[in-house]
Amino acid sequence: MNYKILYIAMVIFYSIGISHAAEIGEKVAQPKRIISLKPNITEILFALGVGDKVVGVTTWCDYPAEAKKLPKVADYISINSEKVIALEPDLVIGSKENSLKGEFGVLKNAHIDTLLLSFRTIDEMYDSIEKMAEAVGKKEAGKNLVTDMRAVIASVAKRSPESTQGTATPPSVARNDSNLRTYALTHLRTLLILVGHRPLVAAGDNTFFGGIIKAIGAANIVEGNTPYPTINTEFILAKGPDIIIDLGMGSEETLDLPEIIKKKVVRLDMSDFRAGPRLGNAIEKLALSLRVTK
């Protein structure tokens, strides 16, 4: 079994629901029966006040507690189209991924309206929350939720260790990507986020987690365009991150690292970092980890 592929599939599904295409929505007037195909989407629906209209979720939808009791129609790699159709939803919300195109085609052929959203970045998350809110008749609640989330995340950035030392990114280097990265790696806290243990899989710059690192004023040691590269202990030792955030789904025992690296590891719960209402609190935990280990 290719464990790296499994890790990445679970990260994409469990945490952020990445979409690789433009958002597609079929307008529904005040849907009364909604199915969520991502854990973060389920959390957003409950935060918008329409949790009572959610009739189906995935096996990974575990927050809030009420979501655990709902019928399960999907896991992290597939949708049970028959179960979805049997629940007679008037709106199914998910993200457009290659592995799910066939299942969504079945739903559309059954004349079930769908809303496909993107959560690749923090800004896309805000945009998708507002689109979802409008689709379920909670436009104002969506705007309020986004405003609150922006405020929390902005507040965390202002309280980062670098914020007390003046501007984190000097104007002289702000417009040059190369100079900016050099400045970041020499002046800001450096960070590594692990999302898998065996093999070691890290979050690159071009991921939702990479955006979180930037949001708190830190620098990601993982360069390049590969979203979730496989790394090794030699890479970690060479880059020497100030802190390593372990979001891997295995136990601490499965994280086989030398003691010199392990002492830098802070273990956090990946589910807290879903692209949804709890993200602000998760980013606060992450920022606190950087402060207390300085």
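Annotations
- Of the residues making up segment 257-294, those that are at pLDDT 80 or above and more than 17 Å from Phe208 (Cα to Cα) are Leu257, Pro258, Glu259, Ile260, Ile261, Lys262, Lys263, Lys264, Val265, Val266, Arg267.
- Checking each residue in segment 195-230 for being in a strand (DSSP E or B) and of a type in the set (Phe, Trp, Tyr) picks out no residue at all.
Residues are listed down the side, and each one gets a yes or a no for (1) surrounded by 19 or more Cβ atoms within 10 Å (Cβ to Cβ); (2) modelled with pLDDT of 90 or more; (3) in contact with an Asp or Glu (Cβ under 6 Å, 6 or more places away or on another chain):
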residue: Thr233; (1), (2), (3): no, yes, no
residue: Ala238; (1), (2), (3): no, yes, no
residue: Pro241; (1), (2), (3): yes, yes, no
residue: Gly248; (1), (2), (3): yes, no, no
residue: Glu253; (1), (2), (3): no, no, no
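- Any chance Ile213 is modelled with pLDDT of 95 or more and either within 19 Å of Val266 (Cβ to Cβ) or in contact with an Asp or Glu (Cβ under 9 Å, 6 or more places away or on another chain) (or both): no
- From the list Leu180, Leu192, the one residue that fits, being modelled with pLDDT under 50, hydrophobic (A, V, I, L, M, F, W, C) and either assigned by the TED database to the domain that holds Met270 or not in a loop (DSSP other than H, G, I, E, B) (or both), is Leu180.
- Condition broken by Ile79, with the remaining ones in (1) within 21 Å of the chain's Cα centre (by Cα); (2) over 27 Å from Leu279 (Cβ atoms); (3) not aromatic (Phe, Trp, Tyr) satisfied: (2)
- When restricted to residues that are within 23 Å of the chain's Cα centre (by Cα), under 20 Å from Ile129 (Cβ atoms) and not acidic (Asp, Glu), segment 53-76 contains 8.
- Put simply, of Gly210, Gly204 the only residue that is closer than 30 Å to Asp148 by Cβ, surrounded by fewer than 22 Cβ atoms within 10 Å (Cβ to Cβ) and in contact with a Phe, Trp or Tyr (Cβ under 8 Å, 6 or more places away or on another chain) is Gly204.
- Qualifying residue in segment 154-170 (condition: out of contact with any Asp or Glu (no Cβ under 7 Å at 6 or more places or on another chain), part of a helix (DSSP H, G or I), farther than 15 Å from Ile44 by Cβ and at pLDDT 80 or above): yes
- Residue check for Leu288: without any contact (Cβ under 8 Å) to a residue 12 or more places away in the chain and within 22 Å of the chain's Cα centre (by Cα): yes
- Options Lys27, Lys68, Lys108, Lys96; residue that is modelled with pLDDT of 90 or more and of a type outside the set (Gly, Ala, Ser): Lys68
- Residue match in segment 278-292 (condition: of a type outside the set (A, V, I, L, M) and assigned to a strand (DSSP E or B)): no
- Residue check for Gly280: within 22 Å of the chain's Cα centre (by Cα), outside the structural domain of Leu45 (by the TED database), within 19 Å of Asp123 (Cα to Cα) and not aliphatic (A, V, I, L, M): yes
The values are calculated or read from the model by the stated rules, or taken from the named source; none is laboratory data. Values in this document were obtained by computation on a predicted structure and should not be read as measured data. Cβ atoms come from the backbone with ideal geometry, glycine included; neighbour counts cover every protein chain shown.
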